[in-house]
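Here is the structure we will look at, set down as structure tokens.
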Amino acid sequence: MTIPSPKIAVYGLWHLGSVTAAALAQERFHVCGLDIENEVIANLQQGKPPIFEPGLAELIEEGKRAGFLRFTTDREEALSDADVIWVAFDTPVDDEDRADVAFVQKQLDDAFPFVQSGTTILISSQVPVGFTDDLRRRWQGRDSRKDLAYCYSPENLRLGKALKSFRAEDRIVVGLDGERGRELIQSILSKFCPHLEWMSVKSAEMTKHALNSFLAVSVAMTNEIARICERTGADAKEVERGLKSESRIGRGAYVSPGGPFAGGTLARDLRFLVQLGSERGVATPLLSGALTSNDLHKNWARDAAARMLKEVPAPARVAVLGLTYKPGTDTLRRSEAVNFGLWLAGQGIEVVCHDPVVNQFPDGIAGKLHLTNNLKDAIAGSDLVVVSTGWPVYRETIRPEFLKQNMRRVAVIDQNRYLSAELEGVPGILYVAVGKPGNQTL
């Protein structure tokens, strides 16, 4: 039996929600995007997503022109005739990467009066295991006559590559208890990936925690090994090759030495699991240790900068290149580059920043760090260049001659070795990277 094309309300329209809504509309689903923030909706109605993502603005405009995508702040308008409510809030995190789950709960509870019996609730927001069951019980307690199906499918977006990662290459994990809603959800998600990995709701929620925690532990372990490499004369990039060529590890493993994990995503799921373990009497020394190790590694760039600038007459000048935590996005959320720049400024160092998509700093930062959209101006007269984000423009532009002509003292910190091919081993350039032999002899 052919299922009529469902009407889908995407609730929450920051990064996850705006990508979800645009991708669904591209597949010719009728989509109503809902958010309570007037400014977010006003911008989306003009084709302006709340966060930069390559191709997203164009896809939103395409969906609107085709008549498959609209936006509103009115819950009744969006939810009253929806077959599926796709919950896509990006769960906020604080400075310690603790998730504000209560925010998502409140948005859902406020929407409940407008949810109609027979609707399927599909949650993709970053929430702890047990959240969906708690929502089911809470809503049944409010009105047991509403017959709803509850489903959880963890988001797997990557900032800067979100439209591609939404169309999952491996599989889409789907949590559903029972058969109610399965055929409907399958008709939607199979448009984006033929392999749906079905499991219970709680198992799907836990899969999200386990996946991100596995990646976080891998990053923390790799950087610990890299720091030992620096002290022993081994090269962590060569060790990386040795690991990835092992069939039990593989080419896609997170074993590249570099900066600490940032942005809040991986740490949020680690903290979910540590908290869940604490509440249920399960010790989590490995997961807790990954957080401690990552916090320790945040000092690597500071220690390297202190060593490299110790002989430089004051005031030293440092250029920080790249502010977003990864290329392809304009968000400064939990940016280690910004934190590093503020630390430098606190040491009395003049800091000039450049990022190809960041045009201004938020309040509280602008008076402490300088920002320019001209790469040459950023490095002019500097004593140290710190490459924080691997934007293509840096690889295209930065060459030994470019640095030697513009810097006062040619020294580079490149945690992830993004410019290794251009700069490593070049006479006259002091080049330092995570896991590179000789760092500690500076």
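Data table
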quantity: Scope segment 115-137; condition without any contact (Cβ under 8 Å) to a residue 40 or more places away in the chain, open to solvent by 10 Å² or more (accessible area, probe 1.4 Å) and farther than 15 Å from residue 7 by Cα; matching residues; calculated: 134, 136, 137
quantity: Which listed residue is without any contact (Cβ under 8 Å) to a residue 60 or more places away in the chain and either of a type in the set (D, E, K, R) or out of contact with any Gly (no Cβ under 9 Å at 6 or more places or on another chain) (or both), from 306, 267; calculated: 306
quantity: Residue within segment 241-257 that is in contact (Cβ under 8 Å) with a residue 40 or more places away in the chain and under 22 Å from residue 438 (Cα atoms) present; calculated: yes
quantity: Evaluation of residue 102 against (1) in contact (Cβ under 8 Å) with a residue 12 or more places away in the chain; (2) of a type outside the set (Ser, Thr, Tyr); (3) open to solvent by 30 Å² or more (accessible area, probe 1.4 Å); (4) within 24 Å of residue 274 (Cβ to Cβ) (one fails), failing number; calculated: (1)
quantity: Hey, residue 298 in contact with a Gly (Cβ under 7 Å, 6 or more places away or on another chain) and surrounded by 12 or more Cβ atoms within 10 Å (Cβ to Cβ) or not; calculated: no
quantity: Qualifying residue in segment 307-317 (condition: under 21 Å from residue 417 (Cα atoms), at pLDDT below 95, touching a Lys or Arg at 6+ places or on another chain (Cβ under 9 Å) and not in a strand (DSSP E or B)); calculated: no
quantity: Any hit, segment 18-35, residues being open to solvent by less than 50 Å² (accessible area, probe 1.4 Å), closer than 30 Å to residue 355 by Cα, in a loop (DSSP other than H, G, I, E, B) and among the small types (Gly, Ala, Ser); calculated: no
quantity: Residues located in segment 261-287, provided they are closer than 25 Å to residue 156 by Cβ, modelled with pLDDT of 95 or more and either hydroxyl-bearing (Ser, Thr, Tyr) or not in a helix (DSSP H, G or I) (or both); calculated: 284
quantity: Residue pairs meeting the criteria (Cβ under 6 Å; at least 6 apart or on separate chains; first touching a residue at least 12 places away in the same chain (Cβ under 8 Å), in segment 198-227; second of a type in the set (Asp, Glu)); calculated: 200/177; 201/177; 209/269; 212/269; 213/269
quantity: Some residue of segment 396-414 being farther than 19 Å from residue 382 by Cβ and within 24 Å of the chain's Cα centre (by Cα); calculated: no
quantity: Residue check, residue 82 closer than 27 Å to residue 207 by Cβ and either open to solvent by less than 30 Å² (accessible area, probe 1.4 Å) or outside any helix (DSSP H, G or I) (or both); calculated: yes
quantity: Those residues of segment 46-79 which are open to solvent by less than 30 Å² (accessible area, probe 1.4 Å), of a type outside the set (D, E, K, R) and touching a residue at least 60 places away in the same chain (Cβ under 8 Å), in sequence order; calculated: 51, 56, 59, 78, 79
quantity: Scope segment 138-176; condition over 24 Å from residue 334 (Cα atoms), free of Cβ contacts under 8 Å to residues at least 24 places away in the same chain and either touching an Asp or Glu at 6+ places or on another chain (Cβ under 9 Å) or part of a helix (DSSP H, G or I) (or both); matching residues; calculated: 140, 141
quantity: Condition check for residue 389: β-branched (Val, Ile, Thr) and out of contact with any Leu (no Cβ under 7 Å at 6 or more places or on another chain); calculated: no
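The rows are residues; the columns are (1) surrounded by 17 or more Cβ atoms within 10 Å (Cβ to Cβ); (2) assigned to a helix (DSSP H, G or I); (3) out of contact with any strand residue (DSSP E or B) (no Cβ under 8 Å at 6 or more places or on another chain).
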position: 180; (1), (2), (3): no, no, no
position: 202; (1), (2), (3): no, yes, no
position: 210; (1), (2), (3): no, yes, yes
position: 226; (1), (2), (3): yes, yes, yes
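The values are calculated or read from the model by the stated rules, or taken from the named source; none is laboratory data. Values in this document were obtained by computation on a predicted structure and should not be read as measured data. Backbone-built Cβ (ideal geometry, glycine too); neighbour counts: all protein chains shown. To get the accessible areas, we keep the full protein, side chains included, count just its heavy atoms, and leave off ligands, DNA and RNA. Shrake-Rupley method; radii C 1.70, N 1.55, O 1.52, S 1.80 Å.
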